[in-house]
Amino acid sequence: MISAPATAEELAPAEARAIAKEATIYGFPLVDNYRVQYSYFVDRGGDQFKAPWNTLSNVARVFTPADTAIQTPNSDTPYSSLGADLRAEPLVLSVPAIGKDRYYSLQFVDMYTFNFAYVGSRATGDDAGNFLLAGPNWHGETPPGIKAVIRSETEFAFVLYRTQLFGPDDIDNVKKIQAGYKVEPLSQFLGKPAPPAAPAIDFIKPLSPEAERTSPEFLSILNFVLGFCPPNPAEAEIMARFARLGIGPHGTFDAKALSPEMLKAVEDGMADAWAEFKTYKETQLDTGKRTRAQCLASTATRRTRRSIPSISSTARGSR
């Protein structure tokens, strides 16, 4: 059971600092992933906007340094992007038959940035197929015509499509493949009435990548994002600690309400987290003692899996 949020007076600054450090380490993937999804699927006036939720966006070109939302996109796989809002009903993602010599993939990423499934030439083959993407609260039966059911642990997910480009004169072939990708709600796929729409969301503006490192508002954004992440039983203990500072789904953390001493403790805790990130990078990653793949695998083993084994991220790699 998660304890009720404590007031600032009930927490010693040292405890607040320790909690802020742990919550920053835990929450950075959630908060930064929200920043990307907001820029792609919410901020219609922004230069990185792709499409509304549940609408596939195809980009028939390679990415350049002007594409800044994601830090290191590929330059030989034009992208398609889907922001999936799975609260009301699942989505059906249909892919065409792809030539055996061409790489393509759909990378399914939950709000934690866990790559919970892949569809594509390496994971499911080159044949056409319909794949059902369901959120954590869907409990329906697999409909006819669905090749596999893919389950997201969170209510929102990000699907990143990659289609291999062999060279400049191959772009029209990529456009034809992208035109064959299709996304539709399950009700539409089945020819049935749509369920009631999910409640509208007042999406809060994310922090910049720089401010994510220092602003205590980071923890307020973490609370907002956690509201779309059903609690994982394996994380009950850590969430109970976070709740001491008002951190958790729909938590009460408010930096403006903190005393100067408590605010400094939170800011110092965030700085401690980034100092630990730096030390880990310098002593483990830069020295080759640990690889990025090992870090991702270690993180994955700590989370409960609900994706089906045939298309899970186990032993899969994005290009």
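Structural remarks
- Neighbours of T214, meaning other residues whose beta-carbon lies under 13 angstrom from its beta-carbon, give a summed charge of -4 when Lys and Arg score +1 and Asp and Glu score -1.
- When you filter the GluC sites (Glu not before Pro) in region 181-240 for DSSP loop state and at most 13 other Cβ atoms inside 10 Å of their Cβ, you are left with E210.
- Annotation: extensible slack from F277 through L190 equals 26.6 nm (criterion: 0.36 nm per residue apart, minus Cα-Cα distance).
- Share of carbon and sulfur in the accessible heavy-atom surface of region 38-188 [1.4 Å probe, %]: 48
- Rounded, prolate or oblate (a/c below 1.5 giving rounded, otherwise prolate when a/b exceeds b/c) for region 110-188 by Cα gyration tensor: prolate
- If you take all other residues with their beta carbon under 12 Å from the beta carbon of P52, and give Lys and Arg +1 and Asp and Glu -1, the sum is 0.
- If you plug the beta carbon distance of T113 and E10 into 1/(1 + (r/R0)^6) with R0 = 25 Å, you get a FRET efficiency near 0.15.
- Cα gyration tensor shape of region 149-244, rounded if a/c is under 1.5, else prolate or oblate by comparing a/b with b/c: oblate
- Between the listed residues A234, G120, G135, the Cα displaced farthest toward the positive end of the dipole of region 97-252, a dipole computed from Cβ unit charges relative to the Cα centre, is found at G120.
- Backbone phi angles across region 35-41, fed through the Karplus curve with coefficients 6.51, -1.76 and 1.60 (θ = phi - 60°), yield HN-Hα couplings of 4, 5, 5, 4, 5, 7, 10 Hz in residue order; Gly and Pro are listed as x.
- One chain, two ends: S208 and K176. Fully extended at 0.36 nm per residue, the span grows by 7.9 nm beyond their Cα-Cα distance.
- Over region 127-268, accessible surface divided per residue gives 50 Å², non-protein components excluded, 1.4 Å probe.
- Loop-located trypsin sites (Lys or Arg not before Pro) in region 261-292, at most 12 other Cβ atoms within 10 Å (DSSP): K289
The values are calculated or read from the model by the stated rules, or taken from the named source; none is laboratory data. Treat the numbers as computed from the prediction; the structure is a model and nothing was measured. Methodologically, a virtual Cβ is constructed for each residue, glycine included, from the backbone with ideal geometry; neighbour enumeration extends over all protein chains shown. These accessible areas exclude ligands, DNA and RNA; they are computed on the full protein's heavy atoms, side chains included. Shrake-Rupley method; radii C 1.70, N 1.55, O 1.52, S 1.80 Å.
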